[in-house]
1. Can you confirm whether residue 58 is in contact with a strand residue (DSSP E or B) (Cβ under 9 Å, 6 or more places away or on another chain), part of a helix (DSSP H, G or I) and crowded, with 16+ Cβ neighbours inside 10 Å?
2. Out of all the residues in region 74-88, which are in a loop (DSSP other than H, G, I, E, B) and either modelled with pLDDT under 95 or surrounded by 13 or more Cβ atoms within 10 Å (Cβ to Cβ) (or both)?
3. For residue 36, work out the one condition from (1) touching a residue at least 40 places away in the same chain (Cβ under 8 Å); (2) surrounded by 15 or more Cβ atoms within 10 Å (Cβ to Cβ); (3) not in a loop (DSSP other than H, G, I, E, B) it doesn't fulfil.
4. Name the residues in region 31-46 that are modelled with pLDDT of 95 or more, more than 11 Å from the chain's Cα centre (by Cα) and more than 16 Å from residue 94 (Cβ to Cβ), would you?
5. Return the pair list, or none, for Cβ contacts closer than 6 Å from residues in region 107-118 that are at positive phi and in a loop (DSSP other than H, G, I, E, B) to residues that are crowded, with 17+ Cβ neighbours inside 10 Å and modelled with pLDDT of 95 or more, at least 6 apart or on different chains.
6. Does residue 68 fit the bill of being crowded, with 19+ Cβ neighbours inside 10 Å and without any contact (Cβ under 8 Å) to a residue 60 or more places away in the chain?
């Protein structure tokens, strides 16, 4: 039986405009075959669905880390997609995950239009 473990799950938005930035960032920060990748419209916009993906990745692949990435100018958020709203949603998703899985390390970022990853505390 092959090893079905990886270190992390990376959850991003599906927006094509950001894929090159995300791919480059992932390549610089994660070894090949060390992460699960989930792309959802709006990133953490639907926190219940995000939580289900984390649960599956933890159960099946024994992850130790969750990376949440939202981005500026997200169509799924529309006019409500302010920097403050993204930060709030990322923090709430991280808190929900941490409550259920206190052993997981969680990192959250807002990806700016210029490709900058802004860490969300």
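The values are calculated or read from the model by the stated rules, or taken from the named source; none is laboratory data. If you're wondering where the values come from, they're calculated on a predicted model, not measured in any experiment. Because the Cβ atoms are built from the backbone with ideal geometry, glycine has one as well, and the counts that use them run over all protein chains shown.
1. Against the criterion (in contact with a strand residue (DSSP E or B) (Cβ under 9 Å, 6 or more places away or on another chain), part of a helix (DSSP H, G or I) and crowded, with 16+ Cβ neighbours inside 10 Å), residue 58 qualifies.
2. 74, 76, 77, 81
3. Of the numbered conditions (1) touching a residue at least 40 places away in the same chain (Cβ under 8 Å); (2) surrounded by 15 or more Cβ atoms within 10 Å (Cβ to Cβ); (3) not in a loop (DSSP other than H, G, I, E, B), the odd one out for residue 36 is (1).
4. The answer is 35, 41.
5. Pairs found: 115/21.
6. The answer is yes for residue 68.
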